[in-house]
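Read through the structure below, which is laid out as structure tokens, and then see the notes.
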Amino acid sequence: FKDVLHAQSQNPPANDERIAAYAEAVSQGLEAPGPVRDFFGELLSIRHDIGSSHLATKTLRAAQKQLYGHHPDYPRGFLTAGQWQEGLDWIFDDHDRAGDFTVDIWARPLQSNVSDRYKSLKAFGAIARNFGRVGIFSVMDVGCSQNAGLNHLASGVSFGMPSVIRPESQAHQPSLRHTAAFHRALAEELPLGHSVGIDTYDPLDARSWAWSCSFYPSELLNEERVALFDALIRAKYDAVDFFQGNFADFDTARFAHLHGKQDFNIVNFSTVLYQADEADRSAMLTAASNYAQEFVVVQDFLQIDPDNPTKLQFRENWQDDPFPYRFVVRDMHEDTGAWHEVFKWRDGRCRELAIGMGRIAVGEGYKASVWAGLDTLAD
């Protein structure tokens, strides 16, 4: 955990200096008597089931939930470890705030709803449709939180355009050819067919927690980003429905009663499976295969098992790989059950990617097969 804090203090996600200051404050707090050391010492002694990167992220989001809209200097201040230390003391000095902070860390899964992540799904859907595989872009989105992702797809609002590096470039040099190919796929018109978001929490009951999970601290100062998020989580589109349920123990009868016996071209898991244990992951992926006509998609902190392509390995620490956030696909028309790696992202904000080394093509023109080789794109 200290190694993760040190890494984040030196190289924070999205270069957010407020995250670096938070990591430094907790690092310092662990070394000195006080409520920070007491709380985190107990937390680290109990929560061995949570990876260090996950835990660092979760505690930051829980602190942000207490501070945002309540502490007068947050987030505009909080640029130094000292300011964060004062903010953490402010949380621990109040019984209700401290209790709420503890419950969020202990009991709530992260509910980040970064709709820009769905650019991967949009681009892949466009590519697959050009191969004749996705006539109607209908999606079951598992772990949808506030349904901002499906609403973004339904809205027609454009996605931020990422840069694409050469897959095997040690210098991580941008590739104009790959960037242009991805942008063409992302810009294609792909109307959303009837789609359903699924989550264990009712959106209204989890809205304040979803807010804290969906922004880096400095992003809260971006008025345009905040306004878009607020509009997306409140939007109502005819093509987008919501179903509350636990997909690891899915109530298929109730779902069928409310939504009919509906299949979806794609079942999507966006940054949800890394939080589940192995038994729940297996149950969720099995349930997905009952609804996906064409593809099961997972975008998460993971890699395909190098010894068994039918298995996924989820990362406990995200700083161990330069591209830890991956977009992988299982083709329901294949008998092998293998996963194919399509996109590799620098982080969960999806601003920079490498084309995956699975079997998908986004080169000049579309190949005859969805799983055409990537050899010609690996220069």
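The values are calculated or read from the model by the stated rules, or taken from the named source; none is laboratory data. Every value quoted in this text rests on a predicted model; they were computed, and no experiment measured them. Note that we place each Cβ from the backbone using ideal geometry, even for glycine, and neighbour counts take in every protein chain shown. Only protein heavy atoms, including side chains, enter the accessible area calculation; ligands, DNA and RNA are left aside. Shrake-Rupley method; radii C 1.70, N 1.55, O 1.52, S 1.80 Å.
Miscellaneous remarks
- Selection status of residue 328, modelled with pLDDT of 90 or more and in contact with a strand residue (DSSP E or B) (Cβ under 9 Å, 6 or more places away or on another chain): yes
- Complete set of residues in segment 307-323 that are within 24 Å of residue 178 (Cβ to Cβ) and either at pLDDT 90 or above or among the polar types (S, T, N, Q) (or both): 309
- Residue within segment 125-145 that is at positive phi, polar (S, T, N, Q) and under 23 Å from the mean Cα position of the chain (by Cα) present: yes
- Filter pass, residue 308 being out of contact with any Asp or Glu (no Cβ under 7 Å at 6 or more places or on another chain) and free of Cβ contacts under 8 Å to residues at least 40 places away in the same chain: yes
- Residues that are within 13 Å of residue 273 (Cα to Cα) and assigned to a loop (DSSP other than H, G, I, E, B), drawn from segment 312-330: 315, 316
- Qualifying positions in segment 1-23 - over 21 Å from residue 90 (Cα atoms), open to solvent by 20 Å² or more (accessible area, probe 1.4 Å) and either more than 23 Å from the chain's Cα centre (by Cα) or not polar (S, T, N, Q) (or both): 1, 2, 3, 6, 7, 13, 14
- Any pair with Cβ under 6 angstrom, 6 or more apart, that starts in segment 263-276 at a residue that is more than 17 Å from residue 148 (Cβ to Cβ) and open to solvent by less than 10 Å² (accessible area, probe 1.4 Å) and ends at one that is assigned to a loop (DSSP other than H, G, I, E, B) and at pLDDT 90 or above: 264/138; 264/291; 267/291
- Any hit, segment 53-61, residues being open to solvent by 10 Å² or more (accessible area, probe 1.4 Å), outside any helix (DSSP H, G or I), out of contact with any Ser or Thr (no Cβ under 9 Å at 6 or more places or on another chain) and not charged (D, E, K, R): no
- Evaluating residue 81 against the criteria (1) over 26 Å from residue 20 (Cβ atoms); (2) over 22 Å from the mean Cα position of the chain (by Cα) leaves one unmet condition, (1).
- Selection status of residue 175, touching a Lys or Arg at 6+ places or on another chain (Cβ under 7 Å), on the phi < 0 side of the Ramachandran plot and modelled with pLDDT under 90: yes
- Whenever a residue of segment 80-97 is assigned to a helix (DSSP H, G or I) and at pLDDT 95 or above, its partners that are of a type in the set (Asp, Glu) and open to solvent by 50 Å² or more (accessible area, probe 1.4 Å), lying with C-beta atoms within less than 8 angstrom and at least six residues away or across chains, give the pairs 81/24; 83/73; 84/24; 87/73.
- Residue, surrounded by the fewest Cβ atoms within 10 Å (Cβ to Cβ), within segment 24-43, restricted to residues that are of a type in the set (A, V, I, L, M, F, W, C) and part of a helix (DSSP H, G or I): 43
- Members of segment 179-232 that are open to solvent by 10 Å² or more (accessible area, probe 1.4 Å), touching a residue at least 60 places away in the same chain (Cβ under 8 Å), among the hydrophobic types (A, V, I, L, M, F, W, C) and within 10 Å of residue 146 (Cβ to Cβ): 211, 229
- In segment 121-140, residue modelled with the lowest pLDDT [restricted to those that are in contact with a helix residue (DSSP H, G or I) (Cβ under 9 Å, 6 or more places away or on another chain) and assigned to a helix (DSSP H, G or I)]: 130
- Positions within segment 117-147 being open to solvent by less than 20 Å² (accessible area, probe 1.4 Å) and out of contact with any strand residue (DSSP E or B) (no Cβ under 9 Å at 6 or more places or on another chain), in sequence order: 119
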